[in-house]
Amino acid sequence: MPKSLPPLTWFRAFDAAARHLSFTAAADELGFTQSAISQHVRALEQRLDMTLFIRGKRALILTEAGRRLVPDVAAAMAQLARATEQFLPTQSAPKLTVATSASVAQWVLAPGLRHFHAVHPAAALQIVSTVWPDDFTATRADIDIRFGAQAVVGRNATLIEPSQLCVVVASGQGVTWETAMALPMIQPVGLSTGWQDIGHVMGRRDWPTPLIQVDTHGLAVDLAIQGAGVALTHSLIARRAIIDGRLKTLKIPETPAIEGYYLAQNATDLPVAQQAFVRWFFDWVAT
């Protein structure tokens, strides 16, 4: 029985490295690290039991075996590209990639995209939702919208304002502060100002410990809408649900969020589209 074929990723790494004669350039093309490209090529060499490149100090040199392999691999890559093109939607414009907190994607962008495309009908977007900070480093986006403290999000990031904490509960329940005390308290993780701090500012000594902790402000809003409890969350995420009447707020002293939502513009090949989106986004948030 013949051996199984090596993984396609190994051949893609070899093909790109052979065209550029550089693991670094191949990594840039494929969106991998230089180390990953080198490891994929090394794995292919081990599977084929032959050396494909001579590793020079400044460039790669194809061996005789590597030169023999290049035409077949290049032809196979081209055939796969042709085979998949017929299933891909026609894209008349480059896509602007926006990497964003999952909460912003759901509660800020989703309600606003109809308005965005009314203003920019030909704009093509790719929205990549994220939860943890490491997700942003894995995504090469034109725009990042992330949650955190200024020191974490970077100097080139702009705070999305207003940036306040608020307390919300499902509308129609007739909940007051007195009745809210009997409901489960919901709090996102990673907040420097939590329920206990709100209670201290309000002079409450009988403040319950939060029973429900969630990993996003969007989930806190979802749970509050479903009547699961009373949620401490960020005003940017709760705002649309408050406007459309699904949530109501319980009054607390004005509490600026120590961790907020920030927008960063990255180096991009689409500066005009990037600026158009940023202008629309801040206008939308302000409405």
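Return yes or no: is VAL221 crowded, with 16+ Cβ neighbours inside 10 Å and assigned to a loop (DSSP other than H, G, I, E, B)?
no
Can you tell me which residues in region 240-276 are without any contact (Cβ under 8 Å) to a residue 24 or more places away in the chain and either part of a helix (DSSP H, G or I) or closer than 21 Å to ARG146 by Cβ (or both)?
The answer is ILE243, ALA267, PRO271, VAL272, GLN275.
All but one of (1) under 12 Å from VAL167 (Cα atoms); (2) open to solvent by 10 Å² or more (accessible area, probe 1.4 Å); (3) under 22 Å from the mean Cα position of the chain (by Cα) hold for LYS248; which doesn't?
(3)
Tell me the residue from GLN106, GLN91 that is touching a strand residue (DSSP E or B) at 6+ places or on another chain (Cβ under 9 Å), modelled with pLDDT of 90 or more and either surrounded by fewer than 17 Cβ atoms within 10 Å (Cβ to Cβ) or of a type outside the set (Asp, Glu) (or both), please.
Within the list GLN106, GLN91, the selection yields GLN106.
Scan region 146-192 residue by residue and report those that are open to solvent by 70 Å² or more (accessible area, probe 1.4 Å) and hydrophobic (A, V, I, L, M, F, W, C).
Matches in region 146-192: ALA151, VAL152, ALA182.
So which of ALA17, ALA27, ALA36, ALA59 ends up being open to solvent by 20 Å² or more (accessible area, probe 1.4 Å), among the small types (Gly, Ala, Ser) and under 30 Å from ALA141 (Cβ atoms)? Outline the logic, then answer.
Numbers: ALA17 fails: open to solvent by 20 Å² or more (accessible area, probe 1.4 Å); ALA27 fails: open to solvent by 20 Å² or more (accessible area, probe 1.4 Å); ALA59 fails: under 30 Å from ALA141 (Cβ atoms).
Going through ALA17, ALA27, ALA36, ALA59 in turn, the sole match is ALA36.
Say we look at region 121-145 and pick out the residues that are at pLDDT 80 or above and more than 18 Å from PRO271 (Cα to Cα); which of these is most open to solvent (accessible area, probe 1.4 Å)?
Only one residue tops the list, namely SER129.
In this structure, is GLN196 in contact with a Pro (Cβ under 9 Å, 6 or more places away or on another chain) and either under 15 Å from LEU250 (Cα atoms) or part of a strand (DSSP E or B) (or both)?
no
Only one of these conditions is not met by THR97: (1) modelled with pLDDT under 90; (2) out of contact with any His (no Cβ under 9 Å at 6 or more places or on another chain). Which number is it?
Looking at each condition in turn, THR97 falls short on (1).
Where in region 5-124 are the strands (runs of 3 or more DSSP E), entirely inside, with at least 1 residues that are in contact (Cβ under 8 Å) with a residue 24 or more places away in the chain and of a type in the set (Gly, Ala, Ser)?
Because the criterion is at least 1 residues that are in contact (Cβ under 8 Å) with a residue 24 or more places away in the chain and of a type in the set (Gly, Ala, Ser), the strands (runs of 3 or more DSSP E) in region 5-124 that meet it are 95-101.
Please indicate, with yes or no, whether at least one residue in region 210-221 is over 20 Å from SER103 (Cα atoms) and out of contact with any Pro (no Cβ under 6 Å at 6 or more places or on another chain).
Checking region 210-221: at least one residue is over 20 Å from SER103 (Cα atoms) and out of contact with any Pro (no Cβ under 6 Å at 6 or more places or on another chain).
The values are calculated or read from the model by the stated rules, or taken from the named source; none is laboratory data. This one's a predicted model, so the numbers in the text were calculated from it and none came from an experiment. Ideal geometry is used to build each Cβ from the backbone, glycine not excepted, and the neighbour counts take in all protein chains shown. These accessible areas exclude ligands, DNA and RNA; they are computed on the full protein's heavy atoms, side chains included. Shrake-Rupley method; radii C 1.70, N 1.55, O 1.52, S 1.80 Å.
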